[in-house]
Every structure is written in C-alpha cells, then in structure tokens.
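The values are calculated or read from the model by the stated rules, or taken from the named source; none is laboratory data. From a predicted model like this one, the values you see are computed outputs, not experimental measurements. In this analysis, Cβ positions are derived from the backbone assuming ideal geometry, glycine residues included, and neighbour counts consider all displayed protein chains.
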Amino acid sequence: MATEVKYDFDRFDGRPGEPYREWRIMLMNHCSIKSDESGSSWADYLMDIDMGGAGPGAPPYPIGAQRDKMIRLRLARSKNSYGIIVKHISDTDLIKILATNHFGNGQQAYNYLNSLYDTPVRR
C-alpha cells in the first residue's frame, strides 16, 4: 500500500541558477523554523553558525554536563537537515550522488548543492 508523501515546499528538479536559488530560499525558510534546545535552527546549522559551528558568531559548546547533549543535538541537526534536503529533491540521480558522498551530513550536502547549482546571475 503506497502512501502519499507530503512536501513542505516545492521540490528541486536539478536546474541551476535562479530555480536553484528560489528553492534554496524555500529550504532555508523551512529550516529556520526547526530548532532544538540549544537555540539553534537547522538553517543555522546549514550556515555553520549554530552552537558548535565554525562560522563567525557561532556560540561555543557549553562547558560541563550539557556539552555532550549539545554535541548530540548538533548531530541531530546534521541528519535532519540532510533529510529535508533530499526529501525535497526530485532528481533521483542527484539524490544518489548526495547519498553516496554526503549521507547524513546536511551541511556538506548543502555546500555541494551551492557549489554546483548556484551559478552566476547573467545579464
């Protein structure tokens, strides 16, 4: 028995340039409303500015007993953001590439997509 998959926003079909940038906006808007106890959102994770991230202004992990929990939460953000990315891609070949090279790592998948599909704007 097949179940209908519900999508949170339009799926990306693999077209570079403006179609990708529009999809990325929808992705980031959706990820910005998903957060956890650390106060970091999935969008923060994708930009590497979440707790434990390496981006500018990223809060460090706390010292003490909460540190391990915050590390686990960051791992969950990685897996969840990867899942939302591949769920919203309709190109099966692209999904296979992401699964082979970046499985479970939303940040790497996001950076890969940016490097491949965020082509320069033309006049």
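Worth a mention:
- Residue match in region 105-120 (condition: touching a helix residue (DSSP H, G or I) at 6+ places or on another chain (Cβ under 9 Å), outside any helix (DSSP H, G or I), surrounded by fewer than 19 Cβ atoms within 10 Å (Cβ to Cβ) and in contact (Cβ under 8 Å) with a residue 60 or more places away in the chain): yes
- Residues that are closer than 30 Å to residue 122 by Cα and either touching a Gly at 6+ places or on another chain (Cβ under 6 Å) or modelled with pLDDT of 95 or more (or both) are absent from region 63-73 altogether.
- Screening residue 71 with (1) under 18 Å from residue 108 (Cα atoms); (2) over 12 Å from the mean Cα position of the chain (by Cα); (3) in a loop (DSSP other than H, G, I, E, B) gives one miss only, at (3).
- Matching option when the condition is surrounded by fewer than 17 Cβ atoms within 10 Å (Cβ to Cβ) and within 15 Å of the chain's Cα centre (by Cα), among 43, 76: 76
- For region 89-97, the criterion of being polar (S, T, N, Q) and either without any contact (Cβ under 8 Å) to a residue 24 or more places away in the chain or not in a helix (DSSP H, G or I) (or both) is met by at least one residue.
- Residue check, residue 82 buried (at least 19 other Cβ atoms within 10 Å of the Cβ) and under 17 Å from residue 12 (Cα atoms): yes
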